[in-house]
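To start, the structure itself, in structure tokens.
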Amino acid sequence: ASGVALQVVFVAVSLAVLVGIPLGLLSGYIGGLLDRVLVLFMDTLYTIPVLLLSVVMAFLLGRGILNASIALCVVYIPQYFRLVRNQTSQVKSELYIEAAISMGASPLWVIRKYLLKNVLTSVPVVLTLNAADAVLVLGGLGFLGLGLPENIPEWGSDLNMALVALPTGIWWTAIYPGMAMFVLVLGLSFIGEGLEKILSETSLQD
């Protein structure tokens, strides 16, 4: 179950990064109507509770590893979009970027050369924290019977079976999947905090 959880979380967060970051860069740099439409759509998704949105997406897509990954991906895209878009809007007004534009640099070149590396410093921290949160959301989907197929081991479905067995006095079956989820989430959270500290110290030195 740990291998399956890591696989689903890795695919989900990777897809969210690959979709959210380019949209955030385009929205923050181009602005105008595109920016307003994307911000409205992403803010709407962001206001929906994470578990509720993932339940709706899982219900629409059906059970499966790829479907669960896509359901979780949709949940976290707005976070990367908002983060990158806000940072891009601030960085694009810097003098060196305005100088590059005045010299005829294309938008794609400016984004790739200057904006991308400046806005990605805080993404690793958000990525690890989202991965920790995705473990819990995936467990919630499995507990509700909307996660992975029954033939695939999953902590959420294990907790569901443990809840059914609880009235019979078999209470300890919930300890193992619960502790596994706790250890993985705690480890990912520690990685996120460590990355945040390292990146903040690096930015202070620069």
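Taken together, the values in this text are just the output of simple stated rules run on the coordinates, not laboratory data. The model shown is predicted, which means the values in this text are computed figures rather than measured ones. Every residue, glycine among them, receives a Cβ derived from its backbone with ideal geometry; neighbour counts consider all protein chains shown.
For residue 65 and residue 121, the difference between the fully extended length at 0.36 nm per residue and the C-alpha to C-alpha distance is 17.2 nm. Taking 7 Å along the Cα-to-C-beta vector as the label spot, tell me the residue 183-residue 45 distance in nanometres, rounded to one decimal. Spacing of the two 7 Å Cα→Cβ label points: 3.4 nm.
Within the listed set 177, 167, 49, the residue fluctuating most in the Gaussian network model of the chain (springs between alpha-carbon atoms under 10 angstrom) is 167. For segment 62-206, the fraction of C-alpha pairs more than 24 angstrom apart is 51%.
Peptides 17-25, 131-139 ordered by packing proxy, namely the average of other Cβ atoms within 10 Å per residue, highest first: 131-139, 17-25. Setting aside same-chain residues fewer than 8 positions from residue 197, which aspartates and glutamates have a Cα under 19 Å from its Cα? Straight-line reach from residue 197, under 19 Å: 206. Here, segment 36-124 is characterised by an Rg to Rh ratio of 1.13, where Rg is the alpha-carbon radius of gyration and Rh the Kirkwood radius. Fully extending the segment from residue 89 to residue 103, taken as 0.36 nm per residue of separation minus the present Cα-Cα distance, adds 3.0 nm.
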